[in-house]
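The values are calculated or read from the model by the stated rules, or taken from the named source; none is laboratory data. Everything numeric here is computed off the predicted structure, so don't read it as measured data. Cβ coordinates were reconstructed from backbone atoms using ideal geometry, including for glycine residues, and neighbour counts include every protein chain displayed.
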Amino acid sequence: MNILVTGGAGYIGAHMTRYILRHGLRPVVLDNLVYGHRASLPEKTKFYRGDIADRRLVTKIIRKEKIDAVLHFSAYAYVGESVENPRKYYENNFSKTQKLLDTLLDNNVAHFIFSSTCATYGAPDVKKLHEKLPQNPINPYGFTKLAVEKMLADYSRAYGLQYAALRYFNAAGADDDGAIGEAHDPETHLIPLALQSILRPARQLKIFGTDYPTPDGTCVRDYVHVYDLAAAHLQALDYILKNKTSDCFNLGSENGYSVREIIKACEKVSGRKVNCLEAPRRAGDPAYLVADSSKARKILGWRPCYDLEKIIATAWNWEQNRRY
Ligand code: UFG
């Protein structure tokens with residue numbers, strides 16, 4: 001099976017590409033390298049540098065590589081930037097995805113797995129988020145992802161597209177052997193920043209908000225390993241192919257950890273202190289986001305394998321020996 005991985009040189013996409021290779025399938029990566037790293041891909045990976053909205057290029061790839069299905073990772077994902085510059089997000093995450101989808105359908109590629117997000121739910125006041133909750137994003141990033149989900153549903157009804165929208169909670173961790181890992185520039189995520197503050201104490205970690213209505217006052221999130229996310233993609237692809245259907249799934253561990261608990265876990269794994277200070281809330285952060293992933297478990301047979309300590313151990317290994 002030939003699988004086109006858009007954004008395959010980005011953080012989650014690169015882990016997906018490796019996972020596909022390990023499972024005996026053939027990934028073909030399309031990435032514009034705005035945020036992705038060519039060095040994150042095994043040398044022999046078939047790689048095209050370019051834009052998902054480039055109709056000629058995508059058509060050429062589909063025909064030449066005999067693409068059967070597409071895993072669509074390419075997107076911008078800085079929530080704060082999406083508020084400052086929504087145009088960039090609607091253009092890249094929505095308009096270009098529409099162009100990609102049209103090119104796929106025009107070339108009879110009708111199997112599509114979409115990287116969606118728990119940010120499409122907004123800030124609901126529930127213990128665990130399930131797929132039937134109303135989706136009310138609180139920032140343009142979440143809206144662009146929700147808009148694509150709506151487009152997929154319409155395209156599926158009208159043109160027979162078969163898709164899965166996978167709503168990730170907090171992707172984290174790195175390759176087990178440390179070959180690849182999280183390398184955003186700028187980095188905004190908690191776990192890499194906490195570990196970097198251990199390695200370079202001059203980079204003090206800010207705890208954004210200590211007055212949230214949570215047990216210790218800091219935000220609670222559901223961290224899920226990138227390879228567990230990758231596994232869900234192949235399970236979802238198998239599911240839509242076998243059942244000729246479309247659906248959406250939450251992907252989270254179902255365990256919530258506060259910012260302070262993550263800092264403690266980073267200290268335990270590394271055996272060293274995180275250099276941190278308390279700071280005001282970051283705009284747009286919901287207090288509590290934890291998944292109910294029972295649908296993915298039941299329908300896809302998905303079982304996340306990495307617990308928090310394993311997630312942080314892979315990230316710590318990566319941070320100490322980063323290659324890019
Ligand atoms: N945090 C800090 N200090 C930091 C960085 C983060 O205290 O330096 C806190 C945040 O306030 C938040 C938690 O750590 O409470 C996790 O923050 P991340 O930035 O690691 O992750 P987010 O939960 O903000 O974002 C993730 C994805 C987004 C997605 C979002 C959905 O990275 O792409 O979940 O809520 F949109």
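List of remarks:
- Among (1) under 21 Å from residue 166 (Cβ atoms); (2) away from the ligand (no atom under 16 Å from the Cβ), the one test that residue 36 misses: (2)
- Neighbours by Cβ (under 7 Å, 6+ apart or cross-chain): first from region 110-134, assigned by TED's automatic domain parsing to the domain that holds residue 17 and basic (Lys, Arg); second within 15 Å of the ligand (Cβ to nearest atom) and assigned to a strand (DSSP E or B): 128/291
- Residue list for region 147-175, filter: assigned to a loop (DSSP other than H, G, I, E, B) and within 18 Å of the chain's Cα centre (by Cα): 169, 173, 174, 175
- Residue list for region 195-216, restricted to those being within 26 Å of the chain's Cα centre (by Cα) and within 11 Å of the ligand (Cβ to nearest atom): 196, 197, 203, 204, 205, 206, 207, 208, 209, 212, 214
Residue by residue, here is whether (1) at positive phi; (2) out of contact with any helix residue (DSSP H, G or I) (no Cβ under 6 Å at 6 or more places or on another chain); (3) loosely packed, with under 13 Cβ neighbours inside 10 Å holds:
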site: 277; (1), (2), (3): no, yes, yes
site: 280; (1), (2), (3): no, yes, yes
site: 285; (1), (2), (3): no, yes, no
site: 290; (1), (2), (3): no, yes, no
site: 294; (1), (2), (3): no, yes, no
site: 297; (1), (2), (3): no, yes, no
site: 310; (1), (2), (3): no, yes, no
site: 313; (1), (2), (3): no, no, no
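- Boolean, residue 304 is at pLDDT below 95, under 22 Å from residue 120 (Cα atoms) and buried (at least 17 other Cβ atoms within 10 Å of the Cβ): no
- Within region 95-114, the residues that satisfy the criterion of being assigned to a helix (DSSP H, G or I) and either modelled with pLDDT under 95 or among the polar types (S, T, N, Q) (or both) are 95, 97, 98, 103.
- Considering region 137-179, the residues that are away from the ligand (no atom under 14 Å from the Cβ) and of a type in the set (S, T, N, Q) include one that is surrounded by the most Cβ atoms within 10 Å (Cβ to Cβ), namely 162.
- The C-beta contact set for region 84-99 (first residue within 14 Å of residue 140 (Cα to Cα), second residue charged (D, E, K, R), distance under 8 angstrom, 6+ apart or interchain) comprises 88/81; 89/81; 93/145.
- Single match in 300, 289, 277 (criterion: in the same structural domain as residue 214 (by TED's automatic domain parsing) and either closer than 15 Å to residue 198 by Cβ or touching a Ser or Thr at 6+ places or on another chain (Cβ under 6 Å) (or both)): 277
- The residue list 76, 90 contains one member that is aromatic (Phe, Trp, Tyr) and assigned to a helix (DSSP H, G or I), which is 90.
- Taking the criterion of being in a helix (DSSP H, G or I) and closer than 26 Å to residue 176 by Cβ, the residues of region 253-269 that qualify are 259, 261, 262, 263, 264, 265, 266, 267, 268, 269.
- Sole exception among (1) within 16 Å of the ligand (Cβ to nearest atom); (2) in contact with a strand residue (DSSP E or B) (Cβ under 6 Å, 6 or more places away or on another chain) for residue 232, by number: (1)
- Across region 92-106, a minimum of one residue is classified as within 12 Å of the ligand (Cβ to nearest atom) and either crowded, with 19+ Cβ neighbours inside 10 Å or not β-branched (Val, Ile, Thr) (or both).
- Residue in region 212-224 that is closer than 24 Å to residue 177 by Cα, in contact with a helix residue (DSSP H, G or I) (Cβ under 7 Å, 6 or more places away or on another chain) and among the aromatic types (Phe, Trp, Tyr) present: yes
- The listed residues are 287, 283, 296, and the only one of them that is within 15 Å of residue 190 (Cβ to Cβ) and small (Gly, Ala, Ser) turns out to be 287.
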